[in-house]
Each structure stands twice: as structure tokens, then as C-alpha cells.
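Visitor: Before I ask anything, let me first share the structure, which is written out below as C-alpha cells.
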Amino acid sequence: MSKQQDVKVVIGDTFLESFARLPSQAQKHTSDFLVKFRSNPTSAAIHYEKIASKLDKKVWSVRVDDTYRGIVIREEETGVFMLIWVDHHDEAYKWAARKRCNINPFTGAIQLYTVQEIVETVKAACIFGEVTKEEYLELGVPEEQVDYVRSLTSKDAFLASKNILTPDVFEGLSWLLEDIPAKEVIEMMQAERDKGEPKASDLRTALESAENQRFFRVVEGEEDLQAMLNRPLDKWRVFLHPTQRRIVNKDYSGAARTTGGAGTGKTVVAMHRAKRLAAGLSGHERVLFTTFTANLAADIRDNLSKICSNEELRHIEVINLDAWVGNFMRTAGYEARIEYNETALKNIWEEAIGEAMVDDMDLSADFYAEEWARVVIPQHAMNLAKYIRCSRNGRGVRLDRQKRQQVWKVFEIYQRKMKAAGKRDVHWAMDECRTLIEKQHKTLYPHIIVDEGQDFSRIALELIRGIAGESHPNDIFIVGDAHQRIYRHKTVLSKCGIEVRGRSSILRINYRTTEETRAYAFSILSGIDFDNLDGEALSNDKCQSLTHGEVPVVKNCRSANSELEFIVKQIRELEQGGVSLKDICLTARTHSMLDNYLQALTREGIRCYELKKEKTDDRQQDGIRLATMHRVKGLEFQYMFVAGMNKGVMPIKQVTEIDEPIARQEAMVAEKCLLYVALTRAQRGAYITSYGKKSEFLK
């Protein structure tokens, strides 16, 4: 190292994990130390001490305060100073005692790992079978750990090794346990690495690799450092997996689609994609980032502010599609407003049925609303002649020409009443908006990002196609997961003018949820067929979680009081174990049930913080988070309590009372998907509680 300005201070994700576990006072002292360390890591005031280990001369400790020590990898010849751990003095030294930090000669990955002492015991078959030493090395296993890996004879032993092996190695070996041959795993991992780059021989060069930036980040300045420390568990915003990074950075000739299960990072990819596209815009050009609900839009807007510069944010508009439609129509001089109240809409349908005098057909208001939203609007059949020619496949109730004429009378009266009230339902408003845009014959946004694409209706996706204009490079980027389809909109992208064939990706690695929670959540969806958002059945959607933990706790109680006692007991045990209340969320199916839990927990002396509509989670506020199951979509917490899962609540009563058979079945599937969504918000563990008769969905 020749010049002070050549110094690189690096934060490892292991440091962020250890920092998050510190008491608040220790975090403050560590933050103060880091400011000094970033300014000059070679200063005598840093107080380096050698670790009592001969394994790696690069491993040092530094004094944070009288009680705590940081662990640093120091490569002085290249000027790299890498913070990898912080802990109580004795614990920090114990953690670092057998650590090594090397660059893997086969993969080029910076690997921080523990060298284990292997004690000879009775030989048992290795859990990974007959994998050769050369294959282990190509998988990225450090040579010093090959014997240790071969000593793993059970799945439990392998899971217990997670903090001994490096994440890339643990990931590769996890695939072996899925009965994928070693050679296939090696090929898959090699395909994900940066091609054409020579393997680095020093940390400075290795840090230029996207693979290594997933786990180690160079601190660019004090603002950058504070951003990491303020939200240390949000590593997904900092470290992109190579598969995710390739999707983010790829240029597509037209629209593109990315699918994957809950926790695979679809929204993360979408946000980084928006950031990347925004960086290439100028003037008044903007990326439109849209999603289905106002809640998700607010959360995404907040998260983008943490990864984008002010200039990039200036070129990104984040808004849910309904709100965008309302804004556009007002700008165009369109005075009608969107009516969202389902009760108000149902009343208008019932009035229209009465005035049309079609009682002899014995069709409910639900039927007419479904027919309007799923047949009339998607096929733009706004007059009787067009409606008579409409396809009604899958609608269940057969309607001949004469019956369609009677049904149309109801539609005519419904339209007249809505227009007189200055209202439109959201489907009708989107169709009128689409018509206005198509007449303009221009591109409103060069790039559109669509999050939670599975929730969009056909007319919504046709509208997005119209907003984007004629097909052009990088025009529409859609992420979604049919397993999370909670609004019953099953659409085919190609039928909406969005062609993604040949431009599709799938994410298979779950970074959020433990394998045990993921497996339980998926079991709720057993027997349901899902699609890839483009009309094709999902046949190869296997997802693997990288973390493991306890199987979700399912508890049925005799009464509401006993359920509350159980929940309170578990919350207090988690809190005593060091879990912050703000990292725990309780969710319920309805607002009224949620209010009951909020009041009951408050009476028990547990601080509560309700996540309300269109407001982001203020992490400065302490307290267990409470939210409806729809509100938690897109969020994540260490622990989830899915409460009140009683018969008649999940599925909700309104679903079981739907008259139309196909609509009722679709709604039942959506309820199961909603429970799947709620459970997969959990990072470390989940509790599912009920009282009286439990939901038929629970195992």
C-alpha cells in the first residue's frame, strides 16, 4: 500500500449479523468506532491485536471499547481492511480462533470459513454420497474443509454446519441433498459466475466481482456506512446473488418476466432493475414502477429510497395502477371517480337487477359483477352485439342468446346508474383509460416495472401494454408468483399483448424463509395447479431455502383467552431470547379480528404498532407489528404469528357463501394463497393459532 487514499474499508455480511445482535449501547460504541476506522484503519488508535491462531495471519482483533472487540481481515499489501465480526471480548476471540479468509482458486470467491479438527470415529456413509475430492473443490469447498464435509453423515449434521461452511458452499451442497448430481450442480454454479474474468489473487481485485459483492461491500463514505448500520439485516438490498444481478443488468429486446416462490427476491430484482434503468434516463423520462396495491407501492417507494441516489429517484415513479389510472383520467379531463366500496357496488347491481325485472333468471348480484369483470370488460364488449359474441369459457352458468339479451339489460342499467353517479368500477375505468391512451399512439414511459404481476387482471395488463406503447427494448419487466395470487386474476401475458417467450427467468433460491416454514406453507397449496403467468403449467418450480429452523408451531386452543395466553407467552419468550418486538408480526384475516388482538395485547402490557393502509413501517417505533394478512404482503419479519385461524374465518365466510361455483372455487384458492403469503413473511419461525374449531386449511 503506497497511499492512504488506496485504502479500502470493507463490511462483511457476517459483521452486519453480529452487529444486529449487540445491545443498543454496544451498537452505539461500535458505530462511533467504525467512523474512526473508516477514516483511517491504519491509525495507531485502532489498537490491533493478534489472534491466538496460526491459521491465518490476516485475522486481527481491534478494540471497540472496554468490553467489545471487532475482528478484521487485514491485507496490508493491497490496502484492504475487512470487518467481519463484533462481539464481547471473549466471544469474539473464540469466534475468530479457527477462521481463515482465502480466495477460492476454483471459484474466485472470497471465503471466510472455519477450519475444523476432524476426530476419527466409526465410519459412516457421507450424506453426499460418492463425491470426489476434485468435485468438492470445484463446488468451492476449501481444501482444508474437504475432510470435514466428508465427515457429515446426516442432514442434521449438515444443517448444523451452516456457520462453519461459507454460504456459497452451503448452497451448493444443499442442491446435492436434492439428488442433483454433483456435475450438474457444478455446471449450474459455474454458469452463474462471471465469465471471462481471471481468478483474483488478492482481496482488492476479488472485491470487483459481483459474486463477492454479494457478501462483502466496500464502504464508499460515512453516509454509506451509516445506511448499512441503520438497517443491518437488510442485506438483500446490498448483496445481489449472481443470478439476480444478471437479470437486473440484462438488456432484453422486449418485455421480460421473472418468476419464483416467496422469498426468492423478485421484488429486490425489480427494484434494482428500476435503479439500473433510471440511471440511463435524462430530462423528464421516468421508469414507471407499478404494483397492485397502495400498500405495496408505499413500501417499495420507501425501499427504493435506500438503494437509489436522488437523481435515480427523480427518474422513477412508484404508484399502484389504480391510483395511476385515477391521476391520468383527471389530467385528461375525465370527471368520474373509481368506486372501490364492494357494498356500494353490490347495491347498484341489485338495483339494476330489480329495474331490469329479470328475477326469473335467478342470477345473483355476484354473478353479474363477475360476468362484467371477467367477460364483458376483458373482451371490450360494451354493447349487446359484442356481448352475444363473447366467449364465456369457464363461467359455469350457460347463457343462450335470449338469456344474454336479458343479462344485458342489467348491464345497461348498471352503466347508466354508475355514469349518473359519476362513478366507475376499477375494471371499467382501466378499459376507458386504455382506450384513451391507444388513441394517443405514443409511449408514455420508456420502461415499466410490474411487481406482483400475478395479481393483475387482463384489462390491467392490456393497459400496461398501452402505456408502454409499441414493443421496444426493455419496455416491460414483470415479476410475480402464481402461488401468491390472492386477488383471483388468472391471466395470460401473451393474450394481453405482452410477449415474454425467450425472455423469462426463474429464481429458485429462497433467502428469507426457513426450509421448514417454506415446506409447511407449500403443503397448504397441495393439489392446486399453478401457472407461469403466461398460460403454461408450472412443472419445474422447485425452490430451496438456504436456512433451516423449527417446523411452524400449530396451536389450537379451547377459547380466545387461552389462545391469547399462548401468544403472549411465546412473545415474551422470544423477547427474553433477544428478539426485538419490532421483528415480530401478528397477522389476522380481518380488520375486526386484528383490532381485538391489538386491544388484548395492549392490556397484557405488550407494546403494539399497527401497520396501516398506505403507510410504511416506521422502524424507529418499538412494538410488535400487527397487520391484516393482505397488508403483510411484501414485508418480512423474524417471527410471524398467524392468529385466529378458525373455521369460518379462514376461509372467510363471504367466500364459502359465493353462489357461483367457479367463482367460489377461485376464491377458495385465493384464501389458501393468502395463508401461504402470511406464513412466508417469516424469516426464522412461525406460529399458527386458532381457538374452537380450527380452519380446514391447517394440517
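The values are calculated or read from the model by the stated rules, or taken from the named source; none is laboratory data. What you see is a predicted model, and the numbers here were worked out from it, not measured in a lab. Cβ placement follows ideal geometry from the backbone for every residue including glycine, while neighbour counts extend to all protein chains displayed.
Visitor: List every residue pair whose Cβ atoms lie under 7 Å apart, where the two residues are 6 or more positions apart in sequence or sit on different chains, the first residue falls within region 547-571 and is farther than 11 Å from T689 by Cβ, and the second residue, located anywhere, is of a type in the set (S, T, N, Q).
Guide: T547/T514; H548/T514; G549/T514
Visitor: Also, I was wondering about something else. Do any strands (runs of 3 or more DSSP E) lying entirely in region 607-699 carry at least 2 residues that are crowded, with 20+ Cβ neighbours inside 10 Å, and which ones are they?
Guide: 624-628, 637-642, 682-691
Visitor: Looking for something over 14 Å from L586 (Cα atoms) and out of contact with any Asp or Glu (no Cβ under 6 Å at 6 or more places or on another chain) - is there at least one such residue anywhere in region 627-635? So that I can check it myself, show each step before the final result.
Guide: Residues of region 627-635 over 14 Å from L586 (Cα atoms): 634.
Remaining after also requiring out of contact with any Asp or Glu (no Cβ under 6 Å at 6 or more places or on another chain): none.
Checked region 627-635: no residue is over 14 Å from L586 (Cα atoms) and out of contact with any Asp or Glu (no Cβ under 6 Å at 6 or more places or on another chain).
Visitor: For region 142-166, which residues satisfy the criterion of being within 25 Å of the chain's Cα centre (by Cα) and either surrounded by 19 or more Cβ atoms within 10 Å (Cβ to Cβ) or in the same structural domain as A519 (by TED's automatic domain parsing) (or both)?
Guide: Here is the first cut: in region 142-166, the residues within 25 Å of the chain's Cα centre (by Cα) are 159, 162-163, 166.
T166 - this is the single residue of region 142-166 that is within 25 Å of the chain's Cα centre (by Cα) and either surrounded by 19 or more Cβ atoms within 10 Å (Cβ to Cβ) or in the same structural domain as A519 (by TED's automatic domain parsing) (or both).
Visitor: Out of region 433-459, which residues are within 16 Å of M382 (Cβ to Cβ) and either surrounded by 19 or more Cβ atoms within 10 Å (Cβ to Cβ) or of a type in the set (A, V, I, L, M) (or both)? Talk me through it step by step, then tell me what you get.
Guide: The first filter runs over region 433-459 and keeps only residues within 16 Å of M382 (Cβ to Cβ), leaving 433-436, 438-439, 458-459.
The answer is C433, R434, L436, R458, I459.
Visitor: Still on this model: Taking the condition under 25 Å from the mean Cα position of the chain (by Cα), of a type in the set (A, V, I, L, M), outside the structural domain of E370 (by TED's automatic domain parsing) and under 30 Å from G396 (Cα atoms), does M650 pass?
Guide: Values: under 25 Å from the mean Cα position of the chain (by Cα): yes; of a type in the set (A, V, I, L, M): yes; outside the structural domain of E370 (by TED's automatic domain parsing): yes; under 30 Å from G396 (Cα atoms): yes.
When the stated conditions are applied, M650 passes them.
Visitor: Further, regarding this structure: Kindly provide the set of residues from region 525-576 that are over 30 Å from V479 (Cα atoms), charged (D, E, K, R) and either touching a Phe, Trp or Tyr at 6+ places or on another chain (Cβ under 9 Å) or assigned to a strand (DSSP E or B) (or both), ordered by number. Explain how you work it out, then say what you get.
Guide: In the first step, residues of region 525-576 are kept if they are over 30 Å from V479 (Cα atoms); the result is 553-576.
This time we only want the ones that are charged (D, E, K, R), so: 555, 558, 563, 565, 569, 572-573, 575.
Within region 525-576, K555, R558, E563 qualify.
Visitor: Answer yes or no: is there a residue in region 37-47 that is free of Cβ contacts under 8 Å to residues at least 40 places away in the same chain, closer than 23 Å to L203 by Cα and of a type in the set (F, W, Y).
Guide: No: zero hits.
Visitor: Is it the case that region 211-227 has a residue that's acidic (D, E), at pLDDT below 85 and either under 18 Å from I110 (Cβ atoms) or in the same structural domain as I464 (by TED's automatic domain parsing) (or both)?
Guide: In the first step, residues of region 211-227 are kept if they are acidic (D, E); the result is 211, 220, 222-224.
Those left that are additionally at pLDDT below 85: 211, 220, 222-224.
Keeping just the survivors that are either under 18 Å from I110 (Cβ atoms) or in the same structural domain as I464 (by TED's automatic domain parsing) (or both) gives 211.
Among the residues of region 211-227, at least one is acidic (D, E), at pLDDT below 85 and either under 18 Å from I110 (Cβ atoms) or in the same structural domain as I464 (by TED's automatic domain parsing) (or both), which makes the answer yes.
Visitor: So which residues in region 142-156 are of a type outside the set (S, T, N, Q) and out of contact with any Leu (no Cβ under 8 Å at 6 or more places or on another chain)?
Guide: First, the residues of region 142-156 that are of a type outside the set (S, T, N, Q): 142-144, 146-150, 152, 155-156.
Once the filter is applied, which keeps residues that are of a type outside the set (S, T, N, Q) and out of contact with any Leu (no Cβ under 8 Å at 6 or more places or on another chain), region 142-156 yields P142, E144, D147, Y148, R150, L152, D156.
Visitor: Tell me, which residue of region 105-119 that is touching a residue at least 60 places away in the same chain (Cβ under 8 Å) and under 31 Å from the mean Cα position of the chain (by Cα) is surrounded by the most Cβ atoms within 10 Å (Cβ to Cβ)?
Guide: I110
Visitor: If H472 satisfies all but one of (1) farther than 22 Å from A278 by Cβ; (2) in contact (Cβ under 8 Å) with a residue 12 or more places away in the chain; (3) assigned to a loop (DSSP other than H, G, I, E, B), what's the number of the condition it fails?
Guide: (1)
Visitor: Continuing with this model, one more query. Among the numbered conditions (1) without any contact (Cβ under 8 Å) to a residue 40 or more places away in the chain; (2) outside the structural domain of K490 (by TED's automatic domain parsing), tell me where I377 comes up short.
Guide: Tallying (1) without any contact (Cβ under 8 Å) to a residue 40 or more places away in the chain; (2) outside the structural domain of K490 (by TED's automatic domain parsing), I377 fails exactly one: (1).
Visitor: For region 1-97, list the strands (runs of 3 or more DSSP E) that sit wholly inside it and hold at least 3 residues that are in the same structural domain as Q226 (by TED's automatic domain parsing) and surrounded by 14 or more Cβ atoms within 10 Å (Cβ to Cβ); which are they? Outline the logic, then answer.
Guide: Values: elements: 8-12, 48-50, 59-63, 68-75, 80-88.
By residue number, 8-12, 59-63, 68-75, 80-88.
Conditions tested, residue by residue: (1) at pLDDT 90 or above; (2) over 30 Å from Q638 (Cβ atoms).
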residue	(1), (2)
D6	no, yes
I11	yes, no
A26	no, no
T30	yes, no
H47	no, yes
I51	no, yes
D56	no, yes
S61	yes, no
Y68	yes, no
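Visitor: If you scan region 125-167, which residues turn out to be closer than 17 Å to R100 by Cβ and either outside any loop (DSSP other than H, G, I, E, B) or hydroxyl-bearing (S, T, Y) (or both)?
Guide: Y136, L137, E143, E144, Q145, V146, D147, Y148, V149, S161, T166, P167 - these are the residues of region 125-167 that are closer than 17 Å to R100 by Cβ and either outside any loop (DSSP other than H, G, I, E, B) or hydroxyl-bearing (S, T, Y) (or both).
Visitor: Can you tell which of G623, G605, G685, G644 is within 23 Å of the chain's Cα centre (by Cα), among the small types (G, A, S) and over 21 Å from A262 (Cβ atoms)? Write out each step before concluding.
Guide: Values: G605 fails: within 23 Å of the chain's Cα centre (by Cα); G685 fails: over 21 Å from A262 (Cβ atoms); G644 fails: within 23 Å of the chain's Cα centre (by Cα).
From the options G623, G605, G685, G644, the qualifying one is G623.
Visitor: Could you count how many residues in region 562-589 are among the polar types (S, T, N, Q) and exposed (fewer than 15 other Cβ atoms within 10 Å of the Cβ)? Steps first, please.
Guide: Here is the first cut: in region 562-589, the ones among the polar types (S, T, N, Q) are 562, 570, 576, 580, 587.
So of that shortlist, the ones also exposed (fewer than 15 other Cβ atoms within 10 Å of the Cβ) come out as 562, 576.
Count: 2.
Visitor: Let me ask something else about it. Would you confirm whether or not region 475-486 contains a residue that is small (G, A, S), surrounded by 23 or more Cβ atoms within 10 Å (Cβ to Cβ) and either free of Cβ contacts under 8 Å to residues at least 40 places away in the same chain or in contact with a helix residue (DSSP H, G or I) (Cβ under 9 Å, 6 or more places away or on another chain) (or both)? Walk me through how you get there before you give the answer.
Guide: Step one: filter region 475-486 for residues small (G, A, S), giving 480, 482.
With surrounded by 23 or more Cβ atoms within 10 Å (Cβ to Cβ) added as a condition, the list becomes 480.
Then keep just the ones that are either free of Cβ contacts under 8 Å to residues at least 40 places away in the same chain or in contact with a helix residue (DSSP H, G or I) (Cβ under 9 Å, 6 or more places away or on another chain) (or both); that gives 480.
Yes, the conditions are met somewhere in region 475-486.
Visitor: Can I ask one more? For region 426-466, how many residues are closer than 30 Å to A344 by Cα, of a type in the set (A, V, I, L, M, F, W, C) and in a loop (DSSP other than H, G, I, E, B)?
Guide: 1
Visitor: Considering only region 243-293, how many residues are in contact with a Lys or Arg (Cβ under 6 Å, 6 or more places away or on another chain) and surrounded by fewer than 19 Cβ atoms within 10 Å (Cβ to Cβ)?
Guide: Result for region 243-293: 1.
Visitor: Checking the conditions here, which among V655, V579 is modelled with pLDDT under 90 and more than 28 Å from V551 (Cα to Cα)? Quick ask: steps written out before the conclusion?
Guide: Values: V579 fails: more than 28 Å from V551 (Cα to Cα).
Answer to the selection: V655.
Visitor: Okay, moving on. Please enumerate the residues belonging to region 359-380 that are at pLDDT below 90, surrounded by fewer than 20 Cβ atoms within 10 Å (Cβ to Cβ) and of a type outside the set (G, A, S).
Guide: D359, D360, M361, D362, D366 - these are the residues of region 359-380 that are at pLDDT below 90, surrounded by fewer than 20 Cβ atoms within 10 Å (Cβ to Cβ) and of a type outside the set (G, A, S).
Visitor: Counting only residues that are assigned to a helix (DSSP H, G or I) and not aliphatic (A, V, I, L, M), how many does region 329-354 have? Break it down into steps so the answer makes sense when it comes.
Guide: Filtering region 329-354 for residues assigned to a helix (DSSP H, G or I) gives 329-331, 342-354.
Going one step further and asking which of them are not aliphatic (A, V, I, L, M), we end up with 330-331, 342-343, 346-347, 349-351, 354.
Going through region 329-354 one residue at a time, the tally reaches 10.
Visitor: Would you call H489 part of a helix (DSSP H, G or I) and either assigned by TED's automatic domain parsing to the domain that holds F170 or touching a Phe, Trp or Tyr at 6+ places or on another chain (Cβ under 7 Å) (or both)? It would help to see each step written out before you state the result.
Guide: On the way: part of a helix (DSSP H, G or I): no; either assigned by TED's automatic domain parsing to the domain that holds F170 or touching a Phe, Trp or Tyr at 6+ places or on another chain (Cβ under 7 Å) (or both): yes.
So H489 does not fit the description; no.
Visitor: Moving on. Just checking, does region 586-593 include any residue being outside any helix (DSSP H, G or I), in contact with a strand residue (DSSP E or B) (Cβ under 6 Å, 6 or more places away or on another chain) and modelled with pLDDT of 90 or more?
Guide: Let us first name the residues in region 586-593 that are outside any helix (DSSP H, G or I), namely 586-590.
Subset that is in contact with a strand residue (DSSP E or B) (Cβ under 6 Å, 6 or more places away or on another chain): 586-587.
In the following step, the residues that additionally are modelled with pLDDT of 90 or more were identified as 586-587.
Looking for residues that are outside any helix (DSSP H, G or I), in contact with a strand residue (DSSP E or B) (Cβ under 6 Å, 6 or more places away or on another chain) and modelled with pLDDT of 90 or more, one finds at least one in region 586-593, hence yes.
Visitor: Which residue pairs have Cβ atoms under 9 Å apart, sit 6 or more places apart or on different chains, and have a first residue in region 488-516 that is more than 14 Å from E462 (Cα to Cα) and a second that is of a type in the set (F, W, Y) and at pLDDT below 90?
Guide: Taking only residues 6 or more apart or on different chains, the pairs are Y511/W236; R512/W236.
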